[in-house]
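Novice: Would you mind keeping the following structure in view while I ask a few things?
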């Protein structure tokens, strides 16, 4: 039976008292982060700690009346520090009051757009972390993981392109309580303040101001939670099922990923690679999965990544 875990859509829609269908439509711009489960931090603060099982105990057979040395399993504690994702907004007081449907409508519209932008920012942070393509003020993401940042890593497979700042990646992701998930202190929740009339301190004019923020981070799991196909080129060295087979084979038995995260150009390359091998000569449909692993397409995976070496 598949687990039905809480997602950021549930968390935000409940806190902001927004109709869930409406929130889900906003989240369509950030499909990857919408699919990630979300959970409370380990102690309810902005710091989340979890154990990685990093060493199995040594066991073995023994003869009658003969002993053997005992051993112990090994764990590594990982600390995730949640960061403040701020999506506060303001609208001009006079413009809002002149709005045909009233100031509340304009304030709500701007709030929905800020929420969409915040979720897009969150999705980019999960993938690109604190590096050049992410936000240095945010939390660590995939790009900060030492498991998938070099070709020598066991969960990394290169497509072979070496064009600077013109390559992309496909990520094989295993989500869940013990693997990749968003974390936030439930006790603090989404901080949404009352809309007030105040003076904008940068332009000295009256505005409707609404403060909004939340503490958020991502648990990256362990060595087998994320795999990566990197150095996918724009023309040559594209994505195909052979490369996906490579990364899927790196996951342990019965612990494979539950999604392949890629952008639209990579999806097109995968579709064209299947067309090229189609015995009927008919164009292959856009893939929905590869080796029964669902494909999730998002524009937050860019085609301007640095070449992984």
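Novice: Applying the selection to the range 268-292, what residues are at positive phi and surrounded by 10 or more Cβ atoms within 10 Å (Cβ to Cβ)?
Specialist: 291
Novice: Given the conditions (1) more than 27 Å from residue 46 (Cβ to Cβ); (2) touching a strand residue (DSSP E or B) at 6+ places or on another chain (Cβ under 7 Å); (3) in a loop (DSSP other than H, G, I, E, B), and given that residue 254 satisfies all but one, which numbered condition is not satisfied?
Specialist: (2)
Let's see how each residue does on (1) crowded, with 19+ Cβ neighbours inside 10 Å; (2) within 30 Å of residue 41 (Cβ to Cβ):
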| site | (1), (2) |
| --- | --- |
| 64 | no, no |
| 67 | no, no |
| 95 | no, no |
| 118 | yes, yes |
| 138 | yes, yes |
| 144 | no, yes |
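Novice: Next up: Being out of contact with any helix residue (DSSP H, G or I) (no Cβ under 7 Å at 6 or more places or on another chain), over 20 Å from residue 119 (Cα atoms) and free of Cβ contacts under 8 Å to residues at least 12 places away in the same chain is the requirement here; does residue 266 meet it? Break it down stepwise before answering.
Specialist: Details: out of contact with any helix residue (DSSP H, G or I) (no Cβ under 7 Å at 6 or more places or on another chain): yes; over 20 Å from residue 119 (Cα atoms): yes; free of Cβ contacts under 8 Å to residues at least 12 places away in the same chain: no.
When the stated conditions are applied, residue 266 does not pass them.
Novice: In addition: Is it true that some residue in the range 228-247 is under 25 Å from residue 50 (Cβ atoms) and in contact with a strand residue (DSSP E or B) (Cβ under 8 Å, 6 or more places away or on another chain)?
Specialist: Looking for residues that are under 25 Å from residue 50 (Cβ atoms) and in contact with a strand residue (DSSP E or B) (Cβ under 8 Å, 6 or more places away or on another chain), one finds at least one in the range 228-247, hence yes.
Novice: I would also like to ask the following. Does residue 9 qualify as being in contact with a helix residue (DSSP H, G or I) (Cβ under 6 Å, 6 or more places away or on another chain), modelled with pLDDT under 95, crowded, with 16+ Cβ neighbours inside 10 Å and closer than 22 Å to residue 126 by Cβ? Working first, answer last.
Specialist: On the way: in contact with a helix residue (DSSP H, G or I) (Cβ under 6 Å, 6 or more places away or on another chain): yes; modelled with pLDDT under 95: yes; crowded, with 16+ Cβ neighbours inside 10 Å: yes; closer than 22 Å to residue 126 by Cβ: yes.
It is true that residue 9 is in contact with a helix residue (DSSP H, G or I) (Cβ under 6 Å, 6 or more places away or on another chain), modelled with pLDDT under 95, crowded, with 16+ Cβ neighbours inside 10 Å and closer than 22 Å to residue 126 by Cβ.
Novice: Also, quick follow-up: What number of residues within the range 69-89 satisfy the criterion of being more than 30 Å from residue 40 (Cα to Cα) and assigned to a strand (DSSP E or B)?
Specialist: 0
Novice: Which of (1) under 28 Å from residue 241 (Cβ atoms); (2) in contact with a strand residue (DSSP E or B) (Cβ under 9 Å, 6 or more places away or on another chain); (3) crowded, with 22+ Cβ neighbours inside 10 Å does residue 133 not meet, given it meets every other one?
Specialist: Among (1) under 28 Å from residue 241 (Cβ atoms); (2) in contact with a strand residue (DSSP E or B) (Cβ under 9 Å, 6 or more places away or on another chain); (3) crowded, with 22+ Cβ neighbours inside 10 Å, the lone unmet condition for residue 133 is (3).
Novice: Also, quick follow-up: Among the residues of the range 43-68, write down those that are touching a residue at least 40 places away in the same chain (Cβ under 8 Å) and either under 20 Å from the mean Cα position of the chain (by Cα) or farther than 27 Å from residue 140 by Cα (or both).
Specialist: If the condition is that a residue be touching a residue at least 40 places away in the same chain (Cβ under 8 Å) and either under 20 Å from the mean Cα position of the chain (by Cα) or farther than 27 Å from residue 140 by Cα (or both), then 46, 48, 50, 52 are the ones that fit.
Novice: Okay, moving on. Tally up the residues in the range 164-191 that are surrounded by fewer than 20 Cβ atoms within 10 Å (Cβ to Cβ), at pLDDT 95 or above and more than 28 Å from residue 49 (Cα to Cα), please.
Specialist: Final tally of qualifying residues: 1.
Novice: Given (1) assigned to a loop (DSSP other than H, G, I, E, B); (2) touching a strand residue (DSSP E or B) at 6+ places or on another chain (Cβ under 8 Å), identify the lone condition not met by residue 171.
Specialist: (1)
Novice: Considering only residues that are outside any loop (DSSP other than H, G, I, E, B) and surrounded by fewer than 13 Cβ atoms within 10 Å (Cβ to Cβ), look in the range 198-234 and name the one that is modelled with the lowest pLDDT.
Specialist: Filtering the range 198-234 for residues that are outside any loop (DSSP other than H, G, I, E, B) and surrounded by fewer than 13 Cβ atoms within 10 Å (Cβ to Cβ), the one modelled with the lowest pLDDT comes out as 199.
Novice: With respect to the numbered conditions (1) closer than 17 Å to residue 169 by Cα; (2) in contact with a helix residue (DSSP H, G or I) (Cβ under 9 Å, 6 or more places away or on another chain); (3) modelled with pLDDT of 95 or more; (4) surrounded by fewer than 19 Cβ atoms within 10 Å (Cβ to Cβ), which one is the sole condition not fulfilled by residue 238?
Specialist: With (1) closer than 17 Å to residue 169 by Cα; (2) in contact with a helix residue (DSSP H, G or I) (Cβ under 9 Å, 6 or more places away or on another chain); (3) modelled with pLDDT of 95 or more; (4) surrounded by fewer than 19 Cβ atoms within 10 Å (Cβ to Cβ) applied to residue 238, the lone miss is (4).
Novice: Next question, about the same structure. Anything in the range 96-144 that is more than 21 Å from residue 215 (Cα to Cα), outside any helix (DSSP H, G or I) and without any contact (Cβ under 8 Å) to a residue 24 or more places away in the chain? List them, or say none.
Specialist: Of everything in the range 96-144, those that are more than 21 Å from residue 215 (Cα to Cα), outside any helix (DSSP H, G or I) and without any contact (Cβ under 8 Å) to a residue 24 or more places away in the chain turn out to be 98, 99, 100, 101, 102.
Novice: Here is a follow-up. Confirm whether residue 161 is assigned to a loop (DSSP other than H, G, I, E, B), within 23 Å of residue 298 (Cα to Cα), modelled with pLDDT of 95 or more and out of contact with any strand residue (DSSP E or B) (no Cβ under 8 Å at 6 or more places or on another chain).
Specialist: Taking the combined requirement at face value, the residue does not satisfy it.
The values are calculated or read from the model by the stated rules, or taken from the named source; none is laboratory data. As the structure is a computational prediction, the values presented were derived from the model and not from experiment. Virtual Cβ from ideal backbone geometry, glycine too; neighbours counted across all protein chains shown.
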